[in-house]
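Here the structure is laid out as structure tokens; the discussion comes afterwards.
The values are calculated or read from the model by the stated rules, or taken from the named source; none is laboratory data. If you're wondering where the values come from, they're calculated on a predicted model, not measured in any experiment. Neighbour counts are summed over all protein chains in view; Cβ atoms, including those assigned to glycine, are modelled from backbone coordinates with ideal geometry.
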Amino acid sequence: MRSFLVAILLITCLLPAFASQQIVKIPADGSRVFSGSEREFMFANHGSNADFHLYGSSKWAVRFNFPSMYPGITDCTFSISKARIYFPVLGDSVRVSLYSEAALLPSQLITTAKVLVDANVLDIPFPTTVQMQVVWLVVDYATNFQTRFVAASQGGGTHSYYLNTNAINPYFQNMMIAGLNCELLFGLLGNFIMDAPDLQLVSFGFPTKLRPRESVSPVFSIYNHSNSAVSDARINIEIGSPDSSFVLNQTIDIPGVIDPQTQYEVTAPGMPGYLINLPQNPMQLRITATLSSSLPEPNSTLTNNSISKVYNVFSYGYPIHLAENFSRVNMVNILGQAQSSFPNPAVHSLTYLPNLTDSLSNLASYQRLEWYGINTLPATVLNGRNRIYGYSATEYPAKYQTAVNAALTDRSFISSSTCTLMENPNESITINLSITNANAKLYAAITDNPVLNSRFFVGLFKKTDFGGNTRYVLNRWIAFADTINATLRNGGTANKSYDLSLLNLSIEELRINYRIYYWLQDKAGGVVYYANNSDFTDLLPSSVEDSYIPLASISAYPNPLRTGSNLKLSNLPIHGFVKVYNLKGQCVWSNSSTNSELIVPPTAFASSGIYFIKTTDSAGQQQQTIKVSYIK
């Protein structure tokens, strides 16, 4: 928790909008704090992750509406035995109370309990069992900006409240209405009491990221809300895809008995002896899991028997992975040195200086910080979703290594990209970018298609010295959260063109000190689906003479190349990059080289002529160049 203390002091200058608000929300580490392996059923509105820590009030509340889970049942209550709460910091005591509701507010006290906060996850039993349809859980816990916080998960906020004492008459302020958009990590333990029996499919998924040609086993949990043992539960799995030739319909028979008021759970590595064979080619899949048994459940309860989700089964590796560092100037080298303890050539560290009191800061960096919704420094984001908040010399390296390992397993539907840089007579450079999906099959619907739900970023980053260490710092946005006007379905290419003004910039300076990074990212500030970069050394002269080409150990076959043939490159640098240029100095094709050989498709060569193959190592340093003739 000490890592947050310095960060908290920065909030005033970063987010002035909070000055008039009682509650301050600080990013947490996003770790899952409720394992879900307990046998008791927890009813909660949060997402089980500690995404935020909050302080500023001494009274917090969550409204629980139990019949909302069964909208077709008229007589549905919940028998409450305990409260389950996550506390970021140990110490002090907490009082939890249950209240009835009147006029959508807490009304009459029903029961209360007070305990010491001696564990992060506390199960607090009430003196008596309470059976209610709607109940308010009110938590008395004084918070401050140093040692006392409550925790919340990202999103929503319609069920969570804090006591707002800024008003003349204090009242419970809703988190969503206050703009905090998070749900408190408060839950209630107990069982549903209703006329009809019910099995609930609590969760369903897979323990690993899905890849083509693999066989995977699902993980899931089932809760038996009935008073009868169930011995014949089954889960039907329907799998559909954009490719009509790939559909599956399979059934998992649940072995053994699920006792009344207990949870049946399958954890990693998955259901023993049961495998789902994934398609041979990359594609999206819609997987629907439906739970059933001989238990006589009325149709109105089936809303919690089915889980449906679109999964990405992609195979393309990323040319680069982004490690975005949001920092004060005095922390840049500290983060860099910590990250260098776990080096990986595929991970490119980018530096943003969003605090406008720093001499090197800029609004572009602040804009990116705001887009992520980060409100503290320092922070590191790997591939858009693996986040590290704050800095601790003892904890940060291990957190960074875990985040990098997770990012390196990401796969994309983008197969390749090109970046063409051309100098214009009007003191500007035209940047032509294209991204291609060679054969991953995607859904066309806007709700499912990853392209239509993403935004395109192109940034100009400057090589900057920090005490003898070189970092790439955001200079300006060439494109910020731009849209891609294409679904990029199987075989599709999206083209984007931008102009970069050369005002106060020279070509030579660009070649020496600048680099372009571009990426496609989920529009909600989530996963980066694809990232790549280009140096301005790619602005080659309009004519390239053989005398400038060093002797090369890489080989290209066949050479000359004829129409329709693949070009096979050998002896390439491992974890490097390969780019193809025409005689005008335009980059017409690029890709990463993950091993010593690479196939360049015939589509890279638009017309007959001379082409130049340039290789760079993982750090972007030029290695070799060879000449290839193409005869069409």
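Look at the stretch 457-486 and say how many of its residues are part of a strand (DSSP E or B) and either on the phi > 0 side of the Ramachandran plot or not assigned by TED's automatic domain parsing to the domain that holds GLY525 (or both).
1
Condition check ((1) assigned to a strand (DSSP E or B); (2) under 30 Å from THR436 (Cβ atoms); (3) of a type in the set (Val, Ile, Thr); (4) assigned by TED's automatic domain parsing to the domain that holds ALA438) across all residues:
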| residue | (1), (2), (3), (4) |
| --- | --- |
| ILE235 | yes, no, yes, no |
| GLU238 | yes, no, no, no |
| PRO242 | no, yes, no, no |
| GLY270 | no, no, no, no |
| TYR274 | no, no, no, no |
| ALA289 | yes, no, no, no |
| PRO296 | no, no, no, no |
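Report yes if some residue within the stretch 116-126 is surrounded by fewer than 16 Cβ atoms within 10 Å (Cβ to Cβ), among the small types (Gly, Ala, Ser) and farther than 17 Å from THR143 by Cβ; otherwise report no.
yes
Among the residues in the stretch 197-215, are any at pLDDT below 95, part of a strand (DSSP E or B), over 23 Å from SER48 (Cα atoms) and touching an Asp or Glu at 6+ places or on another chain (Cβ under 7 Å)?
no
So THR112 clears everything in (1) closer than 27 Å to GLY526 by Cα; (2) among the β-branched types (Val, Ile, Thr); (3) out of contact with any Leu (no Cβ under 7 Å at 6 or more places or on another chain) except one condition, right? Which one?
(1)
What are the residues in the stretch 209-232 that are free of Cβ contacts under 8 Å to residues at least 40 places away in the same chain and of a type outside the set (Gly, Ala, Ser), if any?
First pass over the stretch 209-232, keeping only residues free of Cβ contacts under 8 Å to residues at least 40 places away in the same chain: 227, 229, 231.
Passing the criteria: only ASN227.
So, in the stretch 467-494, how many residues would count as being surrounded by fewer than 15 Cβ atoms within 10 Å (Cβ to Cβ) and either of a type in the set (Phe, Trp, Tyr) or more than 18 Å from TYR372 (Cα to Cα) (or both)?
The number of residues fulfilling the criteria is 6.
Counting only residues that are at pLDDT 85 or above and in a strand (DSSP E or B), how many does the stretch 563-578 have?
5
Condition first: farther than 30 Å from LEU408 by Cβ, surrounded by fewer than 22 Cβ atoms within 10 Å (Cβ to Cβ), in contact with a Phe, Trp or Tyr (Cβ under 8 Å, 6 or more places away or on another chain) and among the aliphatic types (A, V, I, L, M). Can you find one or more residues in the stretch 202-210 that meet it?
Taking every residue of the stretch 202-210 in turn, at least one turns out to be farther than 30 Å from LEU408 by Cβ, surrounded by fewer than 22 Cβ atoms within 10 Å (Cβ to Cβ), in contact with a Phe, Trp or Tyr (Cβ under 8 Å, 6 or more places away or on another chain) and among the aliphatic types (A, V, I, L, M).
I need the full set of residues from the stretch 53-87 which are part of a loop (DSSP other than H, G, I, E, B) and either at pLDDT below 95 or not hydrophobic (A, V, I, L, M, F, W, C) (or both), in order please.
GLY56, SER57, SER58, TYR70, PRO71, GLY72, ILE73, THR74, ASP75
Determine whether the stretch 135-154 contains at least one residue that is touching a residue at least 12 places away in the same chain (Cβ under 8 Å), under 16 Å from LEU105 (Cα atoms), within 25 Å of the chain's Cα centre (by Cα) and buried (at least 22 other Cβ atoms within 10 Å of the Cβ).
No - not one qualifying residue is present in the stretch 135-154.
Please go through (1) modelled with pLDDT under 95; (2) over 24 Å from the mean Cα position of the chain (by Cα) for GLY270 and return the number of the only condition it doesn't satisfy.
Going through the list (1) modelled with pLDDT under 95; (2) over 24 Å from the mean Cα position of the chain (by Cα), GLY270 breaks only (2).
Residues to consider are THR464, THR430; find the one that is touching a residue at least 60 places away in the same chain (Cβ under 8 Å), farther than 26 Å from TYR529 by Cβ and either surrounded by fewer than 20 Cβ atoms within 10 Å (Cβ to Cβ) or of a type in the set (Ser, Thr, Tyr) (or both). Give the derivation first.
Details: THR430 fails: farther than 26 Å from TYR529 by Cβ.
Exactly one residue qualifies, and that residue is THR464.
Would you please name the residue that is nearest to the chain's Cα centre (by Cα), looking only at residues in the stretch 237-259 that are exposed (fewer than 11 other Cβ atoms within 10 Å of the Cβ) and either within 18 Å of VAL219 (Cβ to Cβ) or hydrophobic (A, V, I, L, M, F, W, C) (or both)?
Once the filter is applied, the top-ranked residue is ASP253.
Would you tally the residues in the stretch 264-309 being of a type in the set (Val, Ile, Thr), surrounded by fewer than 16 Cβ atoms within 10 Å (Cβ to Cβ) and touching a Ser or Thr at 6+ places or on another chain (Cβ under 6 Å)? Even if it seems obvious, please write down each step before you answer.
Residues of the stretch 264-309 that are of a type in the set (Val, Ile, Thr), as a first pass: 266-267, 276, 287-288, 290, 301, 303, 307.
Now drop any that are not surrounded by fewer than 16 Cβ atoms within 10 Å (Cβ to Cβ), which leaves 267, 288, 303.
Subset that is touching a Ser or Thr at 6+ places or on another chain (Cβ under 6 Å): 288.
Final tally of qualifying residues: 1.
State yes or no: is SER228 part of a loop (DSSP other than H, G, I, E, B) and within 18 Å of GLU297 (Cβ to Cβ)?
For SER228, the condition - part of a loop (DSSP other than H, G, I, E, B) and within 18 Å of GLU297 (Cβ to Cβ) - is met.
Does ALA7 fit the bill of being closer than 29 Å to TYR396 by Cα, assigned to a helix (DSSP H, G or I) and either at pLDDT 85 or above or out of contact with any His (no Cβ under 6 Å at 6 or more places or on another chain) (or both)?
yes
Looking at (1) in a strand (DSSP E or B); (2) at pLDDT below 95, which is the one condition that is false for LEU90?
Unmet for LEU90, out of (1) in a strand (DSSP E or B); (2) at pLDDT below 95: (1).
Looking for whichever is free of Cβ contacts under 8 Å to residues at least 60 places away in the same chain, β-branched (Val, Ile, Thr) and under 18 Å from ASN304 (Cα atoms) here; the options are ILE177, ILE193, ILE168, ILE237. Which one fits?
Step by step, each of ILE177, ILE193, ILE168, ILE237 is checked, and only ILE237 is free of Cβ contacts under 8 Å to residues at least 60 places away in the same chain, β-branched (Val, Ile, Thr) and under 18 Å from ASN304 (Cα atoms).
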